[in-house]
Amino acid sequence: MEKTIFAKILDGEIPTEILYQNERTIVIDDIHPQASIHCLVITKTPYKDISEMDPEDFFYVHDAIKKIAALKAIEDYRVVTNKGPAAGQTVFHLHFHVLGGSELGDINS
Ligand code: AMP
């Protein structure tokens, strides 16, 4: 199976600034930001989506979210993960969007 863009970033094949990392995740800026702050917490394990994730990874995802929010100095933020094409997933390597730094639209509208 062909490597995803995030697997290539993790393997150093696509030079990308790593803003933060812990044992199980890395954090990068999204290349097409949807808010003034838009980071991606990417699991080092290439899970296709959240349904495959080891629940123990949540501990590291939680740490990464809190660290990147502190680094970017955002108090209010939104965390989103898309599971499957109908939900908007385009890269099939688990990641969590962290959006903030500006007023975010109503997620229900
Ligand atoms: P999703 O649509 O939920 O799968 O999110 C994939 C995200 O990856 C999108 O927001 C893209 O803008 C972002 N993205 C794609 N390629 C790159 C890249 N090389 N560096 C950073 N973000 C990327």
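Observations on the structure shown:
- Residue among ALA69, ALA87, ALA35 with the largest mean-square fluctuation in a Gaussian network model of the chain, springs linking Cα atoms under 10 Å: ALA87
- Among residues other than PRO85 with Cβ under 14 Å from its Cβ, the summed charge is +1 (Lys and Arg +1, Asp and Glu -1).
- Values of log10 I(q)/I(0), in the order q = 0.17, 0.24, 0.29 Å⁻¹, for the stretch 1-61 under a Debye, Cα-only, solvent-free model: -0.61, -1.13, -1.33
- Compared with the alpha-carbon gap, the fully stretched path from GLU75 to VAL91 is longer by 3.0 nm at 0.36 nm per residue.
- Net charge of neighbours whose Cβ lies under 11 Å from the Cβ of THR25, counting Lys and Arg as +1 and Asp and Glu as -1: 0
- Taking the Kirkwood radius as Rh and the Cα radius of gyration as Rg, the stretch 5-100 has a ratio of Rg/Rh equal to 0.92.
- Chain lengthening between LYS48 and ILE14 when straightened (0.36 nm per residue, less Cα-Cα): 10.3 nm
- Highest-fluctuation residue, ASP63, ASP49, ASP11 considered, GNM on the chain with Cα pairs under 10 Å: ASP11
- The stretch 23-64 and the stretch 67-90: distance between their alpha carbon centers, rounded to Å: 8
Every number in this text was worked out from the coordinates using simple rules, so none of it is lab data. All of these numbers come straight from a predicted model, not from anything done at the bench. Note that each Cβ is placed from the backbone with ideal geometry, even for glycine, and that neighbours are counted across all protein chains shown.
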